[in-house]
Structures are given as structure tokens and as C-alpha cells.
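The values are calculated or read from the model by the stated rules, or taken from the named source; none is laboratory data. Predicted model, so just to flag it, every value in this text is computed and none were measured. Cβ placement follows ideal geometry from the backbone for every residue including glycine, while neighbour counts extend to all protein chains displayed. For the accessible areas, the whole protein counts, side chains as well, though only heavy atoms, and no ligand, DNA or RNA atoms are used. Shrake-Rupley method; radii C 1.70, N 1.55, O 1.52, S 1.80 Å.
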Amino acid sequence: MSRIAKVVYTAKTKTTGGRENGASRSSDGLLDIRLSTPGSARIGTNPEQLFAAGWSASFADAIALAARKRKIALPADVSIDAELDLNLGDGGYFLSTRLKVTLPGLERNVAKVLVDEAEEICPYSKATRGNIEVAIWLTLQHAP
């Protein structure tokens with residue numbers, strides 16, 4: 001585990017009711033959402049969608065940081081499609097994920113270096129390393 005040199009940001013939220021019938025709100029009010037279980041008719045998101053959105057956003061920032069460090073210009077349309085599975089096994093519930101990274105216009109070897117470096121930089125990747133199954137796919141063009 002890394003030693004904390006400086007806390008950069010602390011997210012504060014309060015959740016009531018859990019995933020089935022709950023709501024979450026951030027201390028600054030910028031996040032104010034209803035929660036629902038996957039497949040439910042209730043309007044709202046679920047923790048898996050929130051985790052996938054957070055991880056993909058963080059991973060995109062990690063790619064951008066890796067590119068800046070190497071003085072590589074990234075295309076404007078970099079994207080990450082995240083899929084996060086909530087699984088049930090013998091030991092209970094667990095997560096697995098797939099990140100499809102699209103870096104159009106870059107050479108494959110350059111894109112691969114950036115993705116590999118992002119895996120080492122991204123806080124979500126660090127937090128989940130060795131804890132959940134992760135697959136990362138790299139594509140160099142957007143699907144039609």
C-alpha cells in the first residue's frame with residue numbers, strides 16, 4: 001500500500017436505503033441520484049454503473065497523463081467502454097470487468113504502451129489489482 005503524502009480530494013456521500021430503494025447525495029449536492037437494482041423498473045442507477053463510470057473516467061485521465069509524460073498527442077475522441085459484472089459464485093457476490101479502450105489514430109505499439117502505463121497510474125486499477133478479474137481490450141478505431 002502506498003504511503004499518503006497528500007490527500008488531493010475527498011469525496012463525501014451519504015446513501016440511504018441501499019441499492020433496492022435508495023438514494024445517494026454528495027456533500028456538495030453535485031451528485032444527487034436514486035438507486036435501483038439492475039433490471040428494476042425503478043428509475044435510478046446502480047452501484048455497478050457508478051463504479052464502471054468512475055473507473056473508465058479515471059483510466060482515461062491516466063492515459064492522458066501517460067501521453068503527456070511521453071509528449072504524445074492524443075486524439076480528441078479517445079473513449080473507454082466499461083463493462084462491470086456483478087457475479088454470484090460459491091463465495092458470494094464478486095465483480096469482474098472489461099475495459100475497451102479506443103485510441104484512434106495511434107500506432108498499436110504506442111497505444112499499448114499508454115494503456116500499460118495507465119494500468120499502473122489509475123487509482124481504480126491499483127485498488128482492484130489482484131482482487132477482481134480485469135480484461136482490457138485496445139482498439140485503434142471507433143466501431144461504425
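Stretching V7 away from A135 to a fully extended chain increases their span by 43.1 nm, per 0.36 nm per residue minus the current alpha-carbon distance.
Can you give me the accessible area per residue for the chain, using a 1.4 Å probe, in Å²? Ligands and nucleic acids excluded, the result is 68 Å² per residue. If only the Cβ of Lys and Arg carry +1 and only the Cβ of Asp and Glu carry -1, the dipole of the range 10-142 around its Cα centre is close to 360 debye.
Of the solvent-accessible surface of the range 1-139, computed with a 1.4 Å probe and all protein chains present, 53% belongs to carbon and sulfur.
By the rule of a C-alpha distance below 17 Å, with chain neighbours fewer than 8 residues away ignored, the aspartates and glutamates paired with K71 are D61, E107, D116, E117. Working from the Cα coordinates of the range 12-144, the gyration tensor eigenvalues give, after taking √(5λ), semi-axes of 30, 17, 14 Å in decreasing order. Shown in residue order for the range 100-106 are the 3J(HN,Hα) couplings computed by the Karplus curve 6.51 cos²θ - 1.76 cosθ + 1.60 at θ = phi - 60°: 9, 9, 10, 10, x, x, 8 Hz (x for Gly and Pro). Packing, as the average of other Cβ atoms within 10 Å across residues, places the peptides 75-83, 50-58 in the order 50-58, 75-83, highest first. For G29, the shell of other residues with beta-carbons less than 12 Å away shows a net charge of +1, using +1 for Lys and Arg and -1 for Asp and Glu. Along the range 77-94 the Karplus relation, 6.51 cos²θ - 1.76 cosθ + 1.60 evaluated at θ = phi - 60°, assigns HN-Hα couplings of 9, 4, 9, 9, 9, 10, 10, 10, 9, 9, 10, 10, x, 4, x, x, 7, 7 Hz to successive residues, with x for each Gly and Pro. Over the chain, Cα pairs under 8 Å with separation of 6+ residues give a relative contact order of 18 percent.
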